[in-house]
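Below is one structure, written out as structure tokens; the observations come after it.
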């Protein structure tokens, strides 16, 4: 009997990755990070693994210009190659560890994308949805920018040009407070999330400390009874950011021996 396969879906900053890492630390799951390809090739700098260029470009087109504009998933050729990569990583892990419980963290807003992923999996797949309010999103997104900038060794201005300028070229960087204000005015990452009955549960993350219990209840897991080291779980992803940055540089350097 193969292990379970759980997919954490939902809004940016809702805690999909943190929850996946929580399931690893306290319930023995194995985490497949759905954002891996996005870290190993960065389009704005043409930096990283060149083989991922078209895949990441297609995903960006799908998510930014279709999903977040309320236009659905858009053309299959934009989003399917990226999700195929994630599916292949899940399948490889399942082949190596057939009994392992696996959790994937990746926003899959449109129902058609989730149905496609299901169709490619050999066994049952459980989706858990996670949502945040615009205020929570703005604060969390700004805090995440700081961690991302530090891990990638970028300046605030560089990150602003990476994430804000492409969509809002006339909006200047005004300092650290500008991040919260920007995300309050443009909570675009909350757009396009299709809540439907194909999720086993849709959890509001307003009270963050309750989220692990709600996820455990949704997945019918025995609640972890010991103290939860929130910072240690968070650090896993910060370390992942740094590892991705190093791996991206190594792959980039291979292009220019």
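Overview of values
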item	result
Test: residue in region 127-145 that is surrounded by fewer than 18 Cβ atoms within 10 Å (Cβ to Cβ), without any contact (Cβ under 8 Å) to a residue 12 or more places away in the chain, out of contact with any helix residue (DSSP H, G or I) (no Cβ under 6 Å at 6 or more places or on another chain) and not in a loop (DSSP other than H, G, I, E, B)	yes
Region 146-159, residues that are part of a helix (DSSP H, G or I) and farther than 16 Å from residue 180 by Cα	150, 151, 152, 158
Counted residues, region 160-175 - those being over 17 Å from the mean Cα position of the chain (by Cα), surrounded by fewer than 18 Cβ atoms within 10 Å (Cβ to Cβ) and either assigned to a helix (DSSP H, G or I) or touching a residue at least 60 places away in the same chain (Cβ under 8 Å) (or both)	3
Residue within region 185-200 that is touching a residue at least 24 places away in the same chain (Cβ under 8 Å) and farther than 28 Å from residue 112 by Cβ present	no
Scope region 22-41; condition within 27 Å of residue 179 (Cβ to Cβ), outside any strand (DSSP E or B) and in contact with a strand residue (DSSP E or B) (Cβ under 6 Å, 6 or more places away or on another chain); matching residues	34, 40
Pairs with Cβ under 7 Å, 6+ apart, first in region 60-84 and in a helix (DSSP H, G or I), second modelled with pLDDT under 90 and surrounded by 15 or more Cβ atoms within 10 Å (Cβ to Cβ)	60/43; 67/192; 68/188; 68/189; 68/192
Long-range neighbours under 7 Å by Cβ, at least six apart or interchain, first residue free of Cβ contacts under 8 Å to residues at least 40 places away in the same chain within region 38-55, second in a strand (DSSP E or B)	52/41; 53/41
Extreme residue, nearest to residue 189 (Cα to Cα), among residues of region 92-112 that are surrounded by fewer than 19 Cβ atoms within 10 Å (Cβ to Cβ) and touching a residue at least 24 places away in the same chain (Cβ under 8 Å)	111
Complete set of residues in region 227-238 that are in contact with a helix residue (DSSP H, G or I) (Cβ under 7 Å, 6 or more places away or on another chain) and part of a helix (DSSP H, G or I)	233, 234, 236, 237, 238
For residue 118: the one exception among (1) modelled with pLDDT under 95; (2) surrounded by fewer than 18 Cβ atoms within 10 Å (Cβ to Cβ)	(1)
Candidate set from region 121-142 (those that are out of contact with any strand residue (DSSP E or B) (no Cβ under 9 Å at 6 or more places or on another chain) and at pLDDT 85 or above); member that is farthest from residue 17 (Cα to Cα)	122
Residue among 148, 163, 154, 63 that is out of contact with any strand residue (DSSP E or B) (no Cβ under 6 Å at 6 or more places or on another chain), modelled with pLDDT of 90 or more and under 30 Å from residue 252 (Cα atoms)	63
Residue among 31, 11 that alone is under 30 Å from residue 209 (Cβ atoms), buried (at least 19 other Cβ atoms within 10 Å of the Cβ), within 15 Å of the chain's Cα centre (by Cα) and modelled with pLDDT under 95	11
Checking residue 44 against (1) assigned to a helix (DSSP H, G or I); (2) surrounded by fewer than 19 Cβ atoms within 10 Å (Cβ to Cβ); (3) modelled with pLDDT of 95 or more, the condition it does not meet	(3)
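Listed here are the residues, each with its yes/no results for (1) assigned to a loop (DSSP other than H, G, I, E, B); (2) loosely packed, with under 14 Cβ neighbours inside 10 Å.
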position: 194; (1), (2): yes, no
position: 203; (1), (2): no, no
position: 212; (1), (2): no, no
position: 221; (1), (2): yes, no
position: 225; (1), (2): yes, yes
position: 240; (1), (2): no, no
position: 244; (1), (2): no, no
position: 248; (1), (2): no, no
position: 253; (1), (2): no, yes
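The values are calculated or read from the model by the stated rules, or taken from the named source; none is laboratory data. Note that this is a predicted model, so its numbers are computed, not measured. A quick note on method: Cβ atoms are made from the backbone with ideal geometry, for glycine too, and the neighbour counts reach across all protein chains shown.
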